[in-house]
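Here is the structure we will look at.
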Amino acid sequence: MQTRLIPRLDIKSNNLIKGVHLEGLRVIGDPRVYARQYYANGADEILYVDAVASLYGRNTLHDLIRDTAKNVFVPMTVAGGIRSVEDVREVLYAGADKIGINTAAIKRPLLIKEVALKFGSQCMVLSIEAKRTSSKSWEAYTDSGRERTGKDVVEWAQTGVELGAGEILLTSIDQEGTRKGFDIELVRAVTSVVDVPVISSGGMGTVEHLLQVVKYGQTDGVAIADLLHYDRMTLKEIRELALMGGLELRKI
Amino acid sequence: MSRSVSIIDYGSNNLYSISHALEVNGANVKFARTPEEIRQADRLVIPGVGAFPEGKQNLVDNGMFDELLAYAEKERPLLGICLGMQLLATRSFEFGNTTGLNLIPGQVEIIPDKAVDGARLKRPHIGWAKIYLIQNTSCGSTIFTGVPIGSEFYMIHSFHVVPENKIHLLAVAKYGGHNLTAAIQSGYVMGCQFHPEKSGECGIQVLNQFLNL
């Protein structure tokens, strides 16, 4: 099936930032400029993550979403600090198409159902931050990888989908910012228990990593940050090489 | 021919993107929030994301359901997008059995969860899909006129419209070897399952075509 290439932009105080292992943030630039560039370069979707939403108690990206929607005509997923059905409504109203929820869903899983019933499952992305605890298990974290939850990632993914999540955004805390490849076992563990699309985030350094996580992880898309923001590769290059590697992607 | 278009506002979320995508085509965009505003529209878009029963209920609660039927009788252009397209059908089986506008006879059914070769298909179907036009000479100009062959559009759905009469099937997308309905048309009533406002440049072109009809 088709693989989607999704630039992931983590935002703090209106800046595009990048961190390693979700610590040590570095300001990269104006997210609007980057989003437009990625759109022009063939991004299949755009993912915005409000990296400090937990500090403010809410998502603060509304203006950014609206500005982006002015000239970026691909779907936008927005995550970070979304705590209620009303928060979802505001973010969708600003121009987003899908919302990602992590912390608030772990605290109150029924929120997933409420959002899915109100706005549709396809809009309700369950965002999971996973840290490896053994060779075959992972624990879910919240608050940008700072708080442990004691929840098993694979079980939580299943529960989330049963409650109505239409897609999963799966971030590997271990691989994030390393450019050493995805945690393929993590991805495979989740894709083998849910039938909704799963987007893998964390660790992409080469196109070979992409080929592996699609073939063995059965992922439906990848969220790419470091590789793009630091201009190591362009979306065009990634797409061309992935197509040559035998993957199915949108042809532009 | 004016390029004025009204977008139905019935509580269905992101109106900003579709209104903006129409504006970049030089359209004069209005929002239709009352039956009167529907009556006065030159051209109408029914957007929509979410579940069919809720969408239909919102149309009814806003007094728009019957007004849309009256509008369609006047043979002015009407484009349903995503859930908006599904609402054009006779009935939907999402969360039960709910009747729709019945402007294009057909049923809204769940998409397959297995490819023709038996492999698992993820659901919802999320991603870009190439659109295949069904040869349909009765349609004349369509929203795809002038759009390059092989163009891909963004789809995100678990249900699709199966028209009763194949002559209303305008385009399909392939998923696991199955044909999923991507667009339908009956006279001036049209629907697209994909999101033209989220399908990059070719999506903008489709909307431009709609404004030309």
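The values are calculated or read from the model by the stated rules, or taken from the named source; none is laboratory data. Please read these numbers as outputs of a predicted model, since none were measured by experiment. Positions of Cβ are backbone-derived with ideal geometry, glycine not excepted, and every protein chain shown enters the neighbour counts. Ligands, DNA and RNA are excluded from the accessible area calculation, which covers all protein heavy atoms including side chains. Shrake-Rupley method; radii C 1.70, N 1.55, O 1.52, S 1.80 Å.
Rolling a 1.4 Å probe across the protein heavy atoms gives the protein assembly as shown an accessible surface of 38 Å² per residue. For A:Gln158 and A:Thr234, the FRET efficiency from 1/(1 + (r/R0)^6), where r spans their Cβ atoms and R0 equals 35 Å, is about 0.45.
This model, with +1 at the C-beta of Lys and Arg and -1 at the C-beta of Asp and Glu, gives the range B:1-144 a dipole about its Cα centre of some 420 debye. A Förster radius of 25 Å, combined with the Cβ-Cβ distance separating A:Tyr93 from B:Gln40, puts the computed FRET efficiency at roughly 0.50. Histogrammed with a bin width of 20 Å, the alpha carbon distances of the protein assembly as shown distribute as 26, 58, 15, 0 percent, first bin at zero. Going from the chain on its own to the full set of protein chains, the range B:183-213 has these residues losing 50 Å² or more of accessible surface (heavy atoms, 1.4 Å probe, no ligands, DNA or RNA): B:Lys198. Here is how the number arises for chain B: DSSP H runs of 4 or more residues each give -39500 (n - 2.57), the sum is divided by the residue count, and the result at 222 nm is -6500 deg cm²/dmol. Modelled spin-label separation between A:Ser137 and A:Glu185, with each label point placed 7 Å from Cα along the Cα-to-Cβ direction: 1.3 nm.
Over all other residues within a Cβ to Cβ distance under 13 Å of A:Gln158, the charged ones net out to -3, with Lys and Arg as +1 and Asp and Glu as -1. Interface burial in the range A:189-213 reaches 10 Å² or more for A:Thr191, A:Asp195, A:Val196, A:Pro197, comparing the full protein assembly with the chain by itself; accessible area from heavy atoms with a 1.4 Å probe. Full extension of the chain between B:Ala119 and B:Ile149 yields a length gain of 8.0 nm, computed as 0.36 nm times the residue separation minus the alpha carbon distance.
Rounded to the nearest 500 deg cm²/dmol, what is the calculated helix-only ellipticity per residue at 222 nm for chain A, with -39500 (n - 2.57) per DSSP H run of length n ≥ 4?
Rounded to the nearest 500, it is -10000 deg cm²/dmol.
Take the accessible area of A alone and of B alone, subtract that of the pair with a 1.4 Å probe, and the total buried over both chains is about 2900 Å².
Remark: the range A:1-157 carries a charge dipole of roughly 140 debye about the Cα centre, counting +1 on each Lys and Arg Cβ and -1 on each Asp and Glu Cβ. Expressed as a whole percentage, what fraction of the accessible surface of chain A belongs to carbon and sulfur atoms when a 1.4 Å probe is rolled over the protein heavy atoms? Carbon and sulfur together cover 48 percent of it. Panel note: contact residues of the range A:92-124 (accessible area lowered by at least 30 Å² against the chain on its own; 1.4 Å probe) correspond to A:Leu92, A:Tyr93, A:Asp97, A:Leu117, A:Lys118, A:Phe119, A:Gln122.
Could you list which residues have their amide H under 5 Å from that of B:Arg91, counting only those 5 or more apart in sequence or on another chain, with H placed in the peptide plane? Residues meeting the criterion, in which the H sits 1.01 Å from N, are B:Gly100, B:Gly106, B:Val108. Under 1.5 on a/c is rounded, so check that first for chain A, then, if it is not, pick prolate when a/b is larger than b/c and oblate when it is not; a ≥ b ≥ c are the square roots of the alpha carbon gyration tensor eigenvalues. Note, shape of chain A comes out rounded. Distance from the C-alpha centroid of the range B:37-115 to that of the range A:111-182: 34 Å, rounded to the whole angstrom. The residue list B:Ala171, B:Val147, A:Gly245 was ranked by how far each Cα lies along the charge dipole of the protein assembly as shown toward its positive end, using unit charges on Cβ atoms, and A:Gly245 comes out on top.
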